[in-house]
1. Roughly how many debye, to the nearest 20, is the charge dipole of chain A about its Cα centre, given +1 on each Lys and Arg Cβ, -1 on each Asp and Glu Cβ, and no other charges?
2. Which residue, A:Phe93, A:Phe110, A:Phe174, has the most motion in a Gaussian network model of chain A that connects Cα atoms within less than 10 Å?
3. Using amide H atoms built 1.01 Å from N in the peptide plane, name the residues 5+ places from B:Leu161, or on other chains, whose amide H lies under 5 Å from its own.
4. How big is the Cα convex hull of the protein assembly as shown in projection, averaged over all directions, in nm²?
5. Among the trypsin sites (Lys or Arg not before Pro) within segment B:1-104, which fall in a DSSP loop and have no more than 14 other Cβ atoms within 10 Å of their own Cβ?
6. Calculate the mean, over all residues of peptide A:16-28, of how many other protein chain Cβ atoms lie within 10 angstrom of the residue's Cβ.
7. Using the alpha-carbon atoms, what tilt in degrees (0 to 90, nearest 10) does helix B:142-154 show relative to the longest principal axis of chain B?
8. Grab segment A:18-275 and count how many Lys pairs have their alpha-carbon atoms under 27 Å apart, sequence gap of 8 or more, or different chains.
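We did not get these values from a lab; they are worked out from the coordinates using the rules stated. Bear in mind that the values here come from a model prediction, so they are computed numbers and not experimental data. Using ideal geometry, Cβ is built from the backbone for each residue, glycine included, and neighbour counts are taken over all protein chains shown.
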Amino acid sequence: MWPTASAESAPGGRGGGAAAFARQTFAVAEMELRKLRRDPTELATRAVQPILWLVVFGEVMARARLIDTGGTSYLAFLVPGVLAQSVLFIAIFNGISVIWERDLGIIHKFLASPAPRTALVLGKALSGGARALVQAIVVLLLAVLLGVRLSWSPLHLSGAVALVLLGAMVFSSFSLSVACIVKTRERFMGVGQVLTMPLFFASNAIYPTSLMPGWLKVVSHLNPLTYQIDGLRALLLPVPAATVAHIGLASDYGVLAVTLLALVAVAAQLYPNIAR
Amino acid sequence: MPMPAPPAIALEQLVRRFGPVTAVDHVSLAIGRGVVCGLLGRNGAGKTTIVKILTTLLPPTSGSARVCGCDVLRSATEVRRLIGYVPQALSADAELTGYENLLVMAKLYDLPRGVRAQRIEEALALMGLEHAAHRLVHTYSGGMIRSLEIAQSTLHRPTVLFLDEPTVGLDPLARQTVWQHIARLKESQSCTILLTTHYMDEAEHLCDEVAILDQGRLVASGSPQALERSLGPSATLDEVFTHFTQGEAEVAGAYDETSRTRHVADRLG
Ligand SMILES: Nc1ncnc2c1ncn2[C@@H]1O[C@H](COP(=O)(O)OP(=O)(O)O)[C@@H](O)[C@H]1O
Ligand SMILES: [Mg+2]
């Protein structure tokens with residue numbers, strides 16, 4: 001069926017290299033997206049939470065005028081926060097797919113292939129990012145329906161897309177690491193549930209960090225979500241960035257990118273655990 | 001004078017422990033090129049553990065394992081390029097089509113685009129799956145899934161192929177189909193196959209050599225015929241197996257393994 005002689009001298013694949021790495025990464029992401037396309041109900045159910053936050057929580061808090069958002073309406077202030085929150089909720093459960101693949105034998109087969117572990121992890125994270133993007137569109141449409149004015153400049157929008165991707169990939173790779181440690185669905189769901197609310201409340205999602213007590217302010221600046229939201233506010237709200245964001249875009253991107261690199265490296269180290 | 005090619009598989013004093021359990025206990029074994037070798041043993045004997053070590057998924061506790069001379073720890077990437085692997089559990093993705101399952105493997109092995117299309121087409125034809133290529137795998141029968149998995153694991157033309165319990169949970173007809181696939185791979189004489197099984201008829205039918213494991217220890221190895229002769233003029237492989245392995249009740253961890261095997265069987269329907 002295939003000649004023995006050449007089997008070893010010319011193994012099936014091409015050599016390694018950056019291009020091969022990219023192809024292998026996209027292969028993993030592509031399959032996840034093909035599945036998502038077949039089952040869009042997931043996207044619909046995920047729209048419920050943002051609706052509650054914006055329509056119920058947002059409208060009431062806006063009326064109460066309890067939170068000083070520096071001249072911007074509270075609802076507008078809340079939109080990037082809710083956007084990042086729904087991205088977080090998707091990404092933090094991204095690791096469940098790898099536990100699923102462990103219970104079948106899929107991940108074993110992937111790990112027995114020459115694809116670098118980093119490519120396998122990054123591919124998964126990227127698919128988390130793509131899911132999050134779809135969710136981001138839903139939240140932005142919702143904001144428009146509620147009459148929130150946003151900045152639609154292509155530059156700002158592409159900047160926001162990059163932030164959504166970065167943030168989602170950060171929490172996806174974190175989630176993959178957790179999955180590789182806990183290995184079972186039950187424990188994973190438990191850990192996910194325990195983590196989401198603290199990450200959300202210890203961020204600038206629904207109130208500015210300037211209102212926080214000192215310790216919480218420190219914690220919120222260790223939270224990647226804060227940087228994602230800070231950047232999204234600067235880019236999406238049609239007001240001077242300094243009135244709604246206080247960290248600065250360069251730091252927002254920088255912190256998220258460095259965190260992503262670190263977490264992907266950790267997840268790639270932990271990944272082989274899942275098949276043991 | 002050219003060096004003789006190293007054996008396809010070489011285990012030396014291989015040990016793997018899980019806490020107090022010694023799953024693989026000082027196993028040494030060499031399997032030559034082009035041979036179909038059956039790893040036999042009851043549930044919990046250590047078959048899957050050996051396969052996982054050889055496929056680089058699990059590091060040995062001590063001893064060494066090599067594939068075509070490449071050490072599984074030190075040259076893991078080379079080993080991965082040389083091997084194909086069908087895990088014991090169901091490893092085709094039910095939410096993807098058969099074609100997509102093949103495509104993702106072809107891409108992970110980074111086959112060039114032209115080769116990829118051709119190999120996928122060939123594989124589908126060979127496995128009799130052309131008509132089902134664009135159906136989701138969860139509509140497949142157990143036999144179709146195993147065929148697909150074998151196709152996935154041979155797209156990159158591996159030098160050594162590992163099949164962990166390829167026919168567990170399959171109905172007799174599907175088993176026949178899988179046997180045919182394995183026989184065809186064997187005829188092509190292009191790859192060495194290590195398959196694990198606890199069906200003696202399967203070993204008898206497919207394997208040039210067998211290695212019998214009992215509680216992690218290698219208790220016998222050789223051609224089925226030689227092993228049978230060593231026991232008596234009309235001994236069967238079944239008798240050989242019973243002779244060399246201990247009673248079921250003494251096997252630790254059998255419960256775990258049985259429940260896992262049944263689980264696979266359930267899903268294979
Ligand atoms: N990941 C693991 N953790 C703990 N024990 C394990 C693990 N994998 C296998 N074992 C134990 O090692 C022994 C051999 O298992 P295995 O190699 O799966 O046997 P087989 O494939 O021959 O049925 C069994 O006692 C099993 O319970
Ligand atoms: Mg097994």
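1. Numbers: 21 positive and 12 negative charges, 70 e Å.
Here chain A has a charge dipole of around 340 debye.
2. Greatest mean-square fluctuation among the candidates belongs to A:Phe110.
3. B:Gly84, B:Thr192, B:Ile193, B:Leu194
4. Working: hull surface 115.3 nm².
Reported value for the Cα convex hull: 28.8 nm².
5. Values: sites: B:Arg16, B:Arg17, B:Arg33, B:Arg42, B:Lys47, B:Lys52, B:Arg66, B:Arg74, B:Arg80, B:Arg81; in loops: B:Arg33, B:Arg42, B:Arg74.
Loop-located and lightly packed - B:Arg74.
6. Details: counts 2, 1, 0, 1, 2, 1, 0, 4, 5, 1, 1, 8, 3.
Per-residue shielding by partner chains comes out at 2.
7. 90 degrees
8. Values: A:Lys35/A:Lys109; A:Lys35/A:Lys124; A:Lys35/A:Lys183; A:Lys109/A:Lys124; A:Lys109/A:Lys183; A:Lys124/A:Lys183.
Count of close lysine pairs: 6.
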